[in-house]
Amino acid sequence: TLLWADLRSLFVWVVLGVTLGYGLIGFADDYRKLVLRDPKGLSARQKLFWQLLIAIIAGVLLYRQTDAQQSTPLLIPYMKDISIPLGWLFVPFACLVIVGSSNAVNLTDGLDGLAIMPTVLVGGALGVFAWVAGNTIFSRYLGIPYIAGAGELFVFCAAMAGAGLGFLWFNTYPAQVFMGDVGALALGGALGVVAVITKNEILLALCGLIFVVEALSVMIQV
């Protein structure tokens, strides 16, 4: 991403910041469990606090864009002329999507390879939508709101998909590497923030239906 994306784009830095921040949260949890031999790791409250803090910062940065009003409507898939204006509710809604996506991917990562392939597929789909949204011609032709600079996220999504396929190769039995919270939280957060930027929050839930089902399953069981 640093090599190929336009680093003047705020979107690129927001996505990278959320990915790195959530990865650090996961790293702290994994480090406690694996190195310090603390089976509890980070408490749920600690995780949620830091996740919300990073998501709030990302949401505020995106809302304070010059074209803030264009960034705030909630688009309904398949309904080109229907959108719900969010206004200042954009920030809490963005937090809900980013934190929810991160934890949903983390809950899905209960079996080797289960979380990474949906992540690769959803990331690839969001990358295509990001490229289309950042292109004036294609966005107008397809009836998708034009979001200046969103096309740069295609580079990030492609890198994430490629890294995911590389991970899968070494994660097959017998696994040489595991995802852990450091990977699951970071990838889930990345998918969430890309969906927020490209206005595909509802589409994220449809494409990543397995994440939603896993999260609901865990909630019901708990």
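The values are calculated or read from the model by the stated rules, or taken from the named source; none is laboratory data. Given the structure is predicted, the values throughout are model-derived calculations rather than measurements. Cβ placement follows ideal geometry from the backbone for every residue including glycine, while neighbour counts extend to all protein chains displayed. The accessibility values were calculated without ligands, DNA or RNA, using every heavy atom of the protein model including side chains. Shrake-Rupley method; radii C 1.70, N 1.55, O 1.52, S 1.80 Å.
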Q.
Can you tell me how many residues within region 23-45 are in a loop (DSSP other than H, G, I, E, B) and either acidic (Asp, Glu) or open to solvent by 80 Å² or more (accessible area, probe 1.4 Å) (or both)?
A. 6
Q: Can you tell me which residue among 153, 114, 187 is open to solvent by 20 Å² or more (accessible area, probe 1.4 Å) and in a helix (DSSP H, G or I)?
A: 187
Q | Contacts under 7 angstrom Cβ, first residue in region 205-222 being among the acidic types (Asp, Glu), partner part of a helix (DSSP H, G or I) and surrounded by 12 or more Cβ atoms within 10 Å (Cβ to Cβ), 6 or more apart | A | 214/104; 214/107; 214/108
Q. Hey, does region 181-196 have a residue that's free of Cβ contacts under 8 Å to residues at least 12 places away in the same chain and not β-branched (Val, Ile, Thr)?
A. no
Q: Could you check, for region 71-90, whether at least one of its residues is without any contact (Cβ under 8 Å) to a residue 24 or more places away in the chain, crowded, with 16+ Cβ neighbours inside 10 Å and not hydrophobic (A, V, I, L, M, F, W, C)?
A: yes
Q) So which pairs qualify, if the first residue must be in region 114-128 and within 20 Å of residue 197 (Cβ to Cβ) and in contact (Cβ under 8 Å) with a residue 24 or more places away in the chain, the second must be part of a loop (DSSP other than H, G, I, E, B) and among the polar types (S, T, N, Q), the Cβ gap must be under 7 Å, and the two must be at least 6 apart or on different chains? A) 126/198; 126/200
